[in-house]
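*Asks:* Encoded as structure tokens, here's the structure I'll be asking about.
The values are calculated or read from the model by the stated rules, or taken from the named source; none is laboratory data. Predicted model only: the values in this text are computed from it and were never measured. Counting neighbours? That spans all protein chains shown, and the Cβs are built from the backbone with ideal geometry, glycine included. Only protein heavy atoms, including side chains, enter the accessible area calculation; ligands, DNA and RNA are left aside. Shrake-Rupley method; radii C 1.70, N 1.55, O 1.52, S 1.80 Å.
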Amino acid sequence: MRTPVPVPIVVVCGLPGAGKSRAIAHWLSRAPAGERRAVLSNDPVPAQRRHGRFGGAPVFDVAGGCACCVAGPALRTTLLRALAAGPWRLVLLEASGAAVPAALVDALRAPALAGAVRVLGVVTVVDAPRAMAWLDAPEAVLARAQLDAADVVLVNRLGAAGDASARDALCRRLADGPFGEREVRVAGDDGPDEDVLSGVLASAAGAGAASEGTPTRRFDAGV
């Protein structure tokens, strides 16, 4: 009997209003022809508006609260149901705005799911003008936890974050991770480039490097 191949999964996190849904919609629209992608959504507001579909892809809603804590059992049940509806080339997990991504990744790597999925990385979506405030706010613990867990940081609305010097300084601060530089990508007016995802997919061989303390990322504002 063939051993099932774990399905690649990318966790997309960010505070409410950061632009996670926009990013996911863009990546779904740019999937290669014939590549099947699915969305696991723990973000209740947009999920209620999608009626089970988003960008042509099926959406599986994780209800009952934040998937990294109170809705942990629902995450496992919903993910296994989604996998049974596959096969999928990629699953995008849209985390709740209140999610702590490190805990979410731990849940996905637990023995109950480790053989079914392979976490390729975390994309943290950031709204640039708001980030300028919370980077220095002592109470912004959740925002910084989401940033610290990122393999790639996707910055929206960078043009609204001041002059060129201020924007460059912001991107460099976002790139400065606890284990070395993170990759920072800037979304254009038409949405985030597919290469933001491709960078995570291409790093599959080194998945988990950030959690193991390996410096990996770079600053790149050219997207």
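*Asks:* Among (1) under 17 Å from PRO8 (Cβ atoms); (2) touching an Asp or Glu at 6+ places or on another chain (Cβ under 7 Å), there is one condition LEU83 misses while meeting the rest; what is its number?
*Replies:* The failed condition is (2).
*Asks:* For region 66-181, which helices (runs of 4 or more DSSP H) that fit wholly inside it have 2 or more residues that are under 20 Å from LEU28 (Cβ atoms), at pLDDT 90 or above and not basic (Lys, Arg)? Walk me through how you get there before you give the answer.
*Replies:* On the way: elements: 72-84, 101-108, 111-114, 128-134, 141-148, 164-175.
Fully inside region 66-181 and qualifying: 72-84.
*Asks:* Going through LEU174, LEU154 one at a time, which residue ends up being touching a residue at least 12 places away in the same chain (Cβ under 8 Å), within 20 Å of SER96 (Cα to Cα) and crowded, with 19+ Cβ neighbours inside 10 Å? Write out each step before concluding.
*Replies:* On the way: LEU174 fails: within 20 Å of SER96 (Cα to Cα).
None of the other options fit; the residue is LEU154.
*Asks:* On to the next question. List pairs: first in region 23-35 and modelled with pLDDT under 85, second in a helix (DSSP H, G or I), Cβ under 6 Å, 6+ apart or cross-chain?
*Replies:* ARG30/GLU194
*Asks:* Would you check if VAL200 is modelled with pLDDT of 90 or more and either among the aliphatic types (A, V, I, L, M) or open to solvent by less than 30 Å² (accessible area, probe 1.4 Å) (or both)? Walk me through it before giving the result.
*Replies:* Working: modelled with pLDDT of 90 or more: no; either among the aliphatic types (A, V, I, L, M) or open to solvent by less than 30 Å² (accessible area, probe 1.4 Å) (or both): yes.
For VAL200, the condition - modelled with pLDDT of 90 or more and either among the aliphatic types (A, V, I, L, M) or open to solvent by less than 30 Å² (accessible area, probe 1.4 Å) (or both) - is not met.
*Asks:* From ASP190, ASP195, grab the single residue that is over 15 Å from the mean Cα position of the chain (by Cα), at pLDDT below 85 and among the acidic types (Asp, Glu). So that I can check it myself, show each step before the final result.
*Replies:* Details: ASP195 fails: over 15 Å from the mean Cα position of the chain (by Cα).
Among ASP190, ASP195, only ASP190 is over 15 Å from the mean Cα position of the chain (by Cα), at pLDDT below 85 and among the acidic types (Asp, Glu).
*Asks:* Just one of ASP151, ASP136, ASP106, ASP127 is more than 18 Å from the chain's Cα centre (by Cα) and charged (D, E, K, R); which is it? Show your work before the answer.
*Replies:* Details: ASP151 fails: more than 18 Å from the chain's Cα centre (by Cα); ASP106 fails: more than 18 Å from the chain's Cα centre (by Cα); ASP127 fails: more than 18 Å from the chain's Cα centre (by Cα).
When all the criteria are applied, what remains is ASP136.
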